[in-house]
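Undergrad: Let me begin by handing over the structure; questions about it come next.
The values are calculated or read from the model by the stated rules, or taken from the named source; none is laboratory data. The structure displayed is predicted, hence computed values, not measured ones. All Cβ positions, glycine included, derive from the backbone under ideal geometry; neighbour counts span all protein chains shown.
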Amino acid sequence: MKARLGITIVIAALIFLAGYAALFVAPDEKTMHAVQRIFYFHLPSWIAMFSALCVVFYANIAYLITRKRKFDALGVAGVEVGVMCCTIGLITGPLWARPVWGIWWTWDARLTTTFILWILYISYLLLRGLLEDPEKKASLSAIFGIFAFLDVPLVYLSNRLWRTQHPQPVIAGGNGSGLDPLMGKVLLLCVIAVFCVMVLVFIDRYRLELLRNECDELRFEIESRSAQASSLAASFAGEVNE
Amino acid sequence: MTTARAAGILLGKELRLEFRSRELLSATIIFALVVVVLFSFAFDPTAAESRRYGPGLLWIAFLFAGSLMLNPSFSREQANETLDALRMAPISPFAILLGKMLANFIFMSIAELVLVPIFAVLYNISLAGIVWRLVLVLMLGTTGLTVTGTVFSAVSAHARMRELLLPLLLLPILTPLLIASVESTASLFQEQPALDRTWVAFLAGFDIVFMTAAWLLCDYLLEE
Amino acid sequence: MGISFQSIEKRFGSLAALRGISLEVQPGEFVALLGHNGAGKTTLLRIAALLMNPSRGSVQFVAAAKESSRPVSAQDGEFKPKHAIGMVAHSTLLYDELTAAENLSLFAKLYALGDVVNRVAASLADCGLESRAGSLVRTFSRGMRQRLAIARALLHGPALLLLDEPAAGLDRQGLEWFSAKLAALKQAGCTILMSTHARNESLDLATRAVALAGGSVQHDSGTAGDPRPLLAALRAEP
């Protein structure tokens, strides 16, 4: 308990530090100026999202193979966290785009595919809500999760082959890319901070799901014992009557 | 019994069922036609615009119609729990899935064969000289649609609101397919038609990835 | 073919359908599975039919002495139990939009049976539906559908027959035909597991009675025992 509180405080401090650094420490970008600072949270939320979804993929496969409910719990926690990070990314993106390019949104390939990703994982949650039997819920959503994850590189690839309005990636790829070293350090700090927040929330959600499963197990035990007790009582009554 | 043979027998059953009533097929064709016509109210295309927007419109019509047509694949088996009878038979689960995929592919292809000429007429697009290449693109796109659609039909058959759920699950997954099919078709509709190898290869890749996933996951998909 | 249930448990979420069922059914036995609705009879039969995996425990099939000499190809090895299992379930397991003959042909082909046409014709004649061979199942009465469902289950000559309230919907004639069929199968050494919650004539053929309640075995007359006391406790068919 204490350890978790300690870790939570450390991570909270980290994110404050990252925020401060992003707003005040990082140098001003020459064309986009202050608005560019959103980038320090925009990119990390993508990284966090992608990591969460990789874990979901692993959890989905692991569930189908082992049938252990903890993997189903891991999957649902990961999807919820992934959707959260994706939402942050989809909100910070337009906030950045509007002052810089004058438009909130454009249907260029990369944005569109991210939007699709968001829809896919929300559909995952919707599917779970519409399935009643817990085992079916777990196995069918795992199957859908696997298909969705396999779709991600295809979506990305189709986007790369298509024209895009996104700026040349600043970190890697393309000519003229490169980053001021101080910007790089701030970015790294933000990536770590956001990643830690994501992991914290992920673990908490996972724990919550495990607790819910445990409650179900206990309820099951109670019911089966009371059923046994009542059938025992009935057979005694039956014997007495005879 | 080999998977292929069992799938063939089941394909025969699906075809027999459908061609007896032809309800699904006719509804699919008419629905796709309605989508195509509706678009003409949205904009009045010149020849150049038709060539530009036509492929997108065509494939959207196919996707919408397809995702409605795919629903009954597995929900039809729920009436008398005939899926249990198939699962009890000494055939692999993949044979059951494959039989339905092949049937859906054939139905969808028939719908497309009817729709493409009508579309060409309505939007004044000449199909001369590109027919075989167009058939290739249609086949690759339809394969992706039916493979994923049949799998998701099995998934959504167990859920509430399945008529809405299937398109909801399917259409986002198919966006790469949509992009690739539209681009391939568009390059064929140009003044100088050309088969865009990159996109065709992409389509083939998409089909292979999801067919493999379906094959690997079919046991889990069909079990109780 | 005999069947052995070893500590079978089955859960659906927080509902326990079967709690630790262990049962050995020898080849050739005719077991009447008794119990109220919800006792777990259907679940047990579905697990025996390999339609469902138990949450815990396992099912094993025991080939009778004379069966092991039947030639089975290498490909069939994977599906061997399925070749020998036949089931009549709550639902008819028939396609309403296919004819009676088409339904039986489909399953004859799926079970890799030879001489499909004659076999189907013989089966239809046997259950009295040959005059309706070309009619859609959708047009059949309840009793006719049940007869066809039974014919479908018996088509491939199963060595283990699983029956889930098979008499439901059968008329007088149908019941007589069904009892005669069961008697013949029992004579031929077929293992039969029949669930029922009311009396019918076929129960006279039973060699063993197992009563389920709340997902576990309450009473078992045993392989060598007398099932009649347990069967007598069943109320008569209304």
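For every residue, the table says whether it meets (1) free of Cβ contacts under 8 Å to residues at least 40 places away in the same chain; (2) crowded, with 23+ Cβ neighbours inside 10 Å; (3) outside any loop (DSSP other than H, G, I, E, B); (4) not polar (S, T, N, Q).
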| position | (1), (2), (3), (4) |
| --- | --- |
| B:Ile125 | no, no, no, yes |
| B:Ala128 | yes, no, no, yes |
| B:Val155 | no, yes, yes, yes |
| B:Leu177 | yes, yes, yes, yes |
| B:Val182 | no, no, yes, yes |
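Undergrad: Only one of these is farther than 26 Å from B:Gly8 by Cα, of a type outside the set (Asp, Glu) and within 12 Å of chain A (Cβ to nearest Cβ): B:Ala186, B:Ala120. Name it.
TA: B:Ala186
Undergrad: Go through the stretch B:1-109 and tell me which helices (runs of 4 or more DSSP H), entirely inside it, have 1 or more residues that are more than 9 Å from every other protein chain (Cβ to nearest Cβ), at negative phi and under 19 Å from the mean Cα position of the chain (by Cα).
TA: B:3-21, B:23-42, B:47-69, B:72-75
Undergrad: Still on this structure, please answer the following. Just need a number here: residues in the stretch B:45-63 that are of a type outside the set (S, T, N, Q) and under 12 Å from B:Leu122 (Cβ atoms).
TA: Quick first cut of the stretch B:45-63, residues of a type outside the set (S, T, N, Q) only: B:45, B:47-49, B:51-63.
Checking which are under 12 Å from B:Leu122 (Cβ atoms) leaves us with B:45, B:54, B:57-58, B:61.
Number satisfying all stated conditions: 5.
Undergrad: Suppose we filter C:Gly35, C:Gly13 for residues that are in contact with a helix residue (DSSP H, G or I) (Cβ under 6 Å, 6 or more places away or on another chain), without any contact (Cβ under 8 Å) to a residue 12 or more places away in the chain and assigned by TED's automatic domain parsing to the domain that holds C:Arg208; which single one remains?
TA: Details: C:Gly35 fails: without any contact (Cβ under 8 Å) to a residue 12 or more places away in the chain.
The match here is C:Gly13.
Undergrad: Further question on the same structure: For the stretch C:119-238, list the strands (runs of 3 or more DSSP E) that sit wholly inside it and hold at least 3 residues that are among the polar types (S, T, N, Q); which are they?
TA: Working: elements: C:160-164, C:191-196, C:208-213, C:216-220.
Strands (runs of 3 or more DSSP E) meeting the threshold: C:191-196.
Undergrad: Given the conditions (1) modelled with pLDDT under 80; (2) under 30 Å from B:Asp219 (Cβ atoms), which single one is not true for A:Leu210?
TA: (1)
Undergrad: In the stretch B:110-124, which residues are under 18 Å from the mean Cα position of the chain (by Cα) and at pLDDT below 90?
TA: Scanning the stretch B:110-124 gives a single hit, B:Phe119.
Undergrad: Okay, moving on. Give all pairs with beta carbons closer than 9 Å in which a residue from the stretch A:139-153 that is more than 7 Å from chain B (Cβ to nearest Cβ) meets a residue that is buried (at least 20 other Cβ atoms within 10 Å of the Cβ) and acidic (Asp, Glu); count only pairs at least 6 apart in sequence or on separate chains.
TA: Partner pairs satisfying both residue conditions: A:Ser141/A:Asp72; A:Ala142/A:Asp72.
Undergrad: Another question, then. From the list A:Leu120, A:Leu74, A:Leu127, A:Leu154, which one is at pLDDT 85 or above, surrounded by 17 or more Cβ atoms within 10 Å (Cβ to Cβ) and in contact with a Ser or Thr (Cβ under 6 Å, 6 or more places away or on another chain)?
TA: Numbers: A:Leu120 fails: in contact with a Ser or Thr (Cβ under 6 Å, 6 or more places away or on another chain); A:Leu74 fails: in contact with a Ser or Thr (Cβ under 6 Å, 6 or more places away or on another chain); A:Leu154 fails: in contact with a Ser or Thr (Cβ under 6 Å, 6 or more places away or on another chain).
From the options A:Leu120, A:Leu74, A:Leu127, A:Leu154, the qualifying one is A:Leu127.
Undergrad: Which of the residues that make up the stretch B:189-224 are part of a helix (DSSP H, G or I) and either touching a strand residue (DSSP E or B) at 6+ places or on another chain (Cβ under 7 Å) or within 14 Å of chain C (Cβ to nearest Cβ) (or both)?
TA: Matches in the stretch B:189-224: B:Asp219, B:Tyr220, B:Leu222.
Undergrad: Related question: Exactly one of (1) within 14 Å of another protein chain (Cβ to nearest Cβ); (2) closer than 22 Å to A:Leu5 by Cβ is unmet by A:Ile222. Its number?
TA: Every listed condition holds for A:Ile222 apart from (2).
Undergrad: Right, next: Which one of these does B:Leu216 not meet: (1) surrounded by fewer than 21 Cβ atoms within 10 Å (Cβ to Cβ); (2) touching a Gly at 6+ places or on another chain (Cβ under 9 Å)?
TA: Single failed check for B:Leu216: (2).
Undergrad: Also, I was wondering about something else. Going by what's in this entry, would A:Ile116 be described as at the interface with chain B (Cβ under 9 Å from one of its Cβ atoms), on the phi < 0 side of the Ramachandran plot and not aromatic (Phe, Trp, Tyr)? Break it down into steps so the answer makes sense when it comes.
TA: Details: at the interface with chain B (Cβ under 9 Å from one of its Cβ atoms): yes; on the phi < 0 side of the Ramachandran plot: yes; not aromatic (Phe, Trp, Tyr): yes.
Considered against the rule, which asks whether it is at the interface with chain B (Cβ under 9 Å from one of its Cβ atoms), on the phi < 0 side of the Ramachandran plot and not aromatic (Phe, Trp, Tyr), A:Ile116 comes out as yes.
Undergrad: Consider C:Phe79 against the criteria (1) within 9 Å of chain B (Cβ to nearest Cβ); (2) within 17 Å of the chain's Cα centre (by Cα): it satisfies all of them except one. Which criterion is unmet?
TA: The number of the failed condition is (2).
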